[in-house]
Amino acid sequence: MSCEKYSSWITDAALGDLPADREPELLAHTLECAACREALHHARTVHEFVDRGVESLVVGEPSPQFATHLRRRIVQESEQLRSPWTAWAPIIAGALALAVFLAILVTRRPVHNRSNPSVASAVYPISESPAALAASAPTSQNATRTRSQRNSNRGTRVRPATTALPEIIVPKGQLAAAVQLSAAISSGRADGSQLLAAQREYEKLLEVKPIEIAPIEIPALDAATAKPASSIQF
Amino acid sequence: MDALAASFPRSAVSQDESLAREFEQRLADCPKLAYRVALGVMHNTAEAEDVAQEALLRAYRNFHRLRDRDRFRGWLVRVAFRLALDRIRAKGRRERHEHDATRALEEGQREANVENLVASREFEREVAQALDALPEKLRIVMVLAAIEGYKTREVAKLAGLPEGTVKSRLFLARKKLAESLQCLVKNTPAG
């Protein structure tokens, strides 16, 4: 029973971790008990092996070439630090590749205005200058202008009140007429509100009224005064 | 290592002269420490040198933050230990160790003398295998204790741990190692 108690003490003693007040008791026991004495001896041997074995694994010095190699690596490191482009090169390369990719992506995207030229040629912002429109109406170049070009032109003018107006769709072939109308309204030669009222009036549905036909009154023939038709004289 | 420190071109070490001088002072004793820590994990001199150089190179890069001597040594030890572990894992050397250790065990049991056993390469391999089998937190304490002559205070400084923690981990590590190596020593007569 007492040997079980001392078995853990033996391990602690072999590791040098046994409290000082327990050491005399353990030694006294090992003097009496041959098994525990042998166990303590064995534990101390094992732990001595362990310590010496681990020490043998970490003993040694770096080779003389260690200094040379380390020096070379540190010099290389310093040179890399001196040339900042070397460090930035991978980042710059990545950024360029990304820019090229985005450029390809943007240029390959279809432009909607070009996909429907008949509508595109008829669409113009109402805010455009009539003079400019009149000048550009006969040409076919402006008919294919993209929305972005118009927006950029619009951005250069100082007309904040009209820039928010909606675009109108002019049927193909009536652009010149629409421009002339717009110019007339802008210059005051024509009253826009009057024209609009006339248009509304024109579009108003016609009322269908029943035709009233007055009955024809036929006077009754007087037998006494009646004369044969052949006797009537005009 | 003094020769190493003296041979460094100052401009290569750092633009700051005081930093350069301090780094040269560290190089007087720290490469050996890093090398031994790496050797305790790698068990191979060439690989341990490579790991020690890598650790010192990292120390050079971060030296402006590690000017305190104790802090620098502790940082270097931990970096060297971590680098060595990473390299071991990358190479999958553990399986090779196990294979070697199995063979070493068979040969080691034939050894008749304790001194012969300790001096034998097979015993060294067996200890290395037992050390590799320890958890990392026990292993670094054990390696540092072997390097520093089992002085708890020094190990605590290097590992950045309280002394009590180091003591308990060291106790546990030695106990586990003893259990692993017991079969090797069992039938070997002392002396």
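Summary table below
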item: Qualifying residue in the stretch B:58-67 (condition: out of contact with any Pro (no Cβ under 7 Å at 6 or more places or on another chain), at pLDDT 80 or above and of a type in the set (A, V, I, L, M)); result: yes
item: Unique match (being modelled with pLDDT of 55 or more and either of a type in the set (Lys, Arg) or not assigned by TED's automatic domain parsing to the domain that holds B:Gly74 (or both)) among B:Ala84, B:Ala119, B:Ala104; result: B:Ala119
item: Subset of the stretch B:52-87 that is within 12 Å of chain A (Cβ to nearest Cβ), more than 11 Å from the chain's Cα centre (by Cα) and of a type in the set (A, V, I, L, M, F, W, C) - its residue that is farthest from A:Ser63 (Cα to Cα); result: B:Phe63
item: Checklist (1) facing another protein chain (nearest Cβ under 7 Å); (2) β-branched (Val, Ile, Thr); (3) farther than 18 Å from B:Lys175 by Cα applied to A:Thr68, failing item; result: (1)
item: Single unsatisfied condition, B:Glu17 versus (1) surrounded by fewer than 24 Cβ atoms within 10 Å (Cβ to Cβ); (2) within 11 Å of another protein chain (Cβ to nearest Cβ); (3) at pLDDT 65 or above; result: (2)
item: Flag for A:Glu61 being more than 13 Å from chain B (Cβ to nearest Cβ) and free of Cβ contacts under 8 Å to residues at least 24 places away in the same chain; result: no
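The values are calculated or read from the model by the stated rules, or taken from the named source; none is laboratory data. If you're wondering where the values come from, they're calculated on a predicted model, not measured in any experiment. Here the Cβ is made from the backbone with ideal geometry for all residues, glycine too, and neighbour counts use every protein chain on show.
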